[in-house]
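One structure below.
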Amino acid sequence: MKPLKEMTKEELLAMKESLSAEYKEAQSKGLKLDMSRGKPGKAQLDLSLPLLEALSAKDEMMASNGMDVRNYGVLDGIPEAKLLMAEMMDTTPEHIVVFGNASLNIMYDTVARGMITGFLGETPWCKLDKVKFLCPVPGYDRHFAITEHFGIEMINIPLNSDGPDMDMVEEYVNNDPAVKGIWCVPKYANPTGISYSDEVVKRFANLKPAAKDFRIFWDNAYCIHHLYENQQDEILDIISECEKAGNPDMVFEFGSTSKVSFPGAGIAAFASSVANIEDMKKSMTVQTIGHDKMNQLRHVKFFKNRAGLDAHMMKHAALMRPKFEAVLKVLNDELGELEIGTWIVPRGGYFISFNAMEGCAKAIVQKCKEAGVVMTGAGATYPYKNDPMDSNIRIAPSFPTPEEMAEAAKLFVLCVKLVSVEKLLEA
């Protein structure tokens, strides 16, 4: 089939009539499928059920430092949990603080500390006239929600195939003291699935910020979330690269086992310089007496080390891969020749990023919803939910079964075709 843009008006009208009939038939099926968020499916959650038995009432409840994990204390996590999370995040234990069940909490609290107390003696952001954050787009909606919540101005930075547009990043960071941070998902990015190149990571580490309290918010959420055993992206360790560049305090890294063990009951970690960690602890000592050390010990007993984490994630990959491949096959088969959409084939992570024709994303998502498939809202991958091109749509294949995913993908491409034809007929 030739590209839609090369079709005559008569051909487009005929196609619209045919697609409309298909759409009505799809609506009659009463589908109820959810592709709105990157939630693990039931089979993935079942993989971690033995974790619940990794620590029993008969076990000695002692950490390696002699701490009774049932009691108060240990602000930065038990030593073996710090080591496990350091291995997962490719750093060392002295750079790690282990928190509760989700890295989103840490990110929110870290931005709040910037606002309320400031970092390393710098002026709290709430006392400044203007605070800005750079936002590579498309990006993670919850990142943008945090900075919007605190009234921080967000600036779009285009995300290329190897990472953010570093010319723009350097221009803003090195010259504007109001720029205090940048959101990054450096590996298998949400939603594009791209990973930052070595050059991009090194350019980040060698930034010369106009603001002493500028920080890179490095959300390494998918650091071990590969889809293939023999095709895996690797990125440089930002902590050591910043140390080499003489900027040890410039990065805040975040990670968790939310999509490794249980999303609501994993463990999360913060990685940064010793100076930043000591600064953070000043607030933490007021905020908490310590996080769930029993859960930390449970995770260590279950995973043991990085090799255990990697082996577990290959089990996840075996479940995730067919879902991704089902979507990608439908996209290729149905849209490959029509030139009405582009997408990236990721090697890991949780999403497929689809770019429709300009001005079509909201209409596509709405049509999907009306036929029983719920997707992430169009625009959600941009600050203020405002995609200036109304083009990007995030597809989350993890929650439905492979069969449901294939059916949902077919409905999705049907909606893409129908909306695209209608758009061309309006021109």
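The values are calculated or read from the model by the stated rules, or taken from the named source; none is laboratory data. Since we're looking at a predicted model, the values are computed, not measured. Counting neighbours? That spans all protein chains shown, and the Cβs are built from the backbone with ideal geometry, glycine included. Side chains included, ligands, DNA and RNA excluded: accessible areas come from the protein's heavy atoms. Shrake-Rupley method; radii C 1.70, N 1.55, O 1.52, S 1.80 Å.
Per-atom-type breakdown for the range 27-99 gives carbon and sulfur 53% of the accessible area (1.4 Å probe, protein chains only). Normalised radius of gyration (Cα atoms, divided by 2.2 N^0.38 Å) for the range 196-314: 1.20.
Charged side chains reduced to their Cβ positions (Lys and Arg at +1, Asp and Glu at -1) give the range 1-88 a dipole of some 500 debye around its Cα centre. Along the chain, counting only GluC sites (Glu not before Pro) with a DSSP assignment other than H, G, I, E or B and at most 12 other Cβ atoms inside a 10 Å radius, the longest segment between sites is 61-228. Residue separation of residue 210 and residue 126 scaled by 0.36 nm, minus their Cα-Cα distance, works out to 28.4 nm of gained length. Rolling a 1.4 Å probe across the protein heavy atoms gives the range 281-427 an accessible surface of 42 Å² per residue. A Förster radius of 35 Å, combined with the Cβ-Cβ distance separating residue 281 from residue 148, puts the computed FRET efficiency at roughly 0.80. Each stretch of four or more DSSP H residues adds -39500 (n - 2.57); spread over every residue of the chain, this sum gives -13000 deg cm²/dmol at 222 nm. Taking 7 Å steps out from each Cα toward its Cβ at residue 43 and residue 321 produces label points 1.2 nm apart.
Each residue of the range 262-267 was assigned a 3J(HN,Hα) from its phi angle through the Karplus curve 6.51 cos²θ - 1.76 cosθ + 1.60 (θ = phi - 60°); the sequence is 10, x, x, 8, x, 10 Hz, with glycine and proline shown as x. So how far, in whole Å, is the C-alpha centre of the range 132-176 from the one of the range 214-276? Taking the Cα centre of the range 214-276 as reference, the centre of the range 132-176 is 18 Å away.
If a/c stays under 1.5 just call it rounded; otherwise compare a/b with b/c (prolate if a/b is bigger, oblate if not). Do that for the range 87-212, with a ≥ b ≥ c from the square roots of the Cα gyration tensor eigenvalues. Rounded is the answer for the range 87-212, as its axis ratio a/c remains below 1.5. To the nearest 0.05, how large is the calculated FRET efficiency for residue 175 and residue 32 if R₀ is 35 Å and r is the Cβ-Cβ distance? Using R0 = 35 Å, I get an efficiency of 0.10. Ligands, DNA and RNA are left out, and with a 1.4 angstrom probe the accessible area of the range 199-241 is 39 Å² per residue.
This model, with +1 at the C-beta of Lys and Arg and -1 at the C-beta of Asp and Glu, gives the chain a dipole about its Cα centre of some 1020 debye.
Taking a 23 Å limit on the Cα-Cα distance, which of the listed pairs 29/410; 362/423; 127/385 fall beyond it? Checking Cα-Cα distances, 127/385 exceed 23 Å. Each listed q (0.11, 0.14, 0.23 Å⁻¹) maps to a log10 I(q)/I(0) for the range 31-163 from the Debye sum over equal C-alpha point scatterers, namely -0.68, -1.00, -1.38. Taking a straight line from the alpha carbon of residue 42, these lysines sit under 16 Å away, with near neighbours fewer than eight places off in the same chain left out: 259, 315, 323.
Gain on full extension, evaluated as 0.36 nm per residue between residue 8 and residue 274 minus their Cα-Cα distance, stands at 89.3 nm.
Both radii are taken from the alpha-carbon atoms of the range 239-395; with Rh as the Kirkwood radius, Rg/Rh is 1.07.
For the range 1-65, the list of trypsin sites (Lys or Arg not before Pro) that fall in a loop by DSSP and count at most 10 other C-beta atoms within 10 angstrom reads 32, 58.
The residues of the range 1-148 expose on average 52 square angstrom of accessible surface per residue, using a 1.4 Å probe on protein heavy atoms.
Quick one: with all protein chains in place, what share of the accessible area of the range 218-342 is carbon or sulfur, to the nearest percent (1.4 Å probe)? Answer for the range 218-342 is 50 percent, counting heavy atoms of protein chains only. An oblate overall shape is assigned to the range 126-186, the ratio a/c of its alpha-carbon gyration tensor axes (a ≥ b ≥ c) being 1.5 or greater and a/b not exceeding b/c. Helices in the chain that qualify as membrane-span-like (whole DSSP H runs, Cα extent of at least 20 Å along the helix axis, mean Kyte-Doolittle hydropathy of -1.0 or higher) are 9-27, 306-335, 402-426. Working note: Debye formula, equal point scatterers on the alpha-carbon atoms of the chain, no solvent; log10 I(q)/I(0) at q = 0.09, 0.12, 0.13, 0.14 Å⁻¹ is -0.60, -1.00, -1.14, -1.27. Computed from the Cβ-Cβ distance with R0 of 60 Å, the FRET efficiency linking residue 425 to residue 57 stands at 0.30. A simple spin-label model places the labels of residue 94 and residue 199 3.4 nm from each other, with each point 7 Å out along Cα-to-Cβ. For the range 276-367, the gyration tensor built on C-alpha atoms gives an oblate shape. Its axis ratio a/c (a ≥ b ≥ c) is at least 1.5, and a/b is not larger than b/c.
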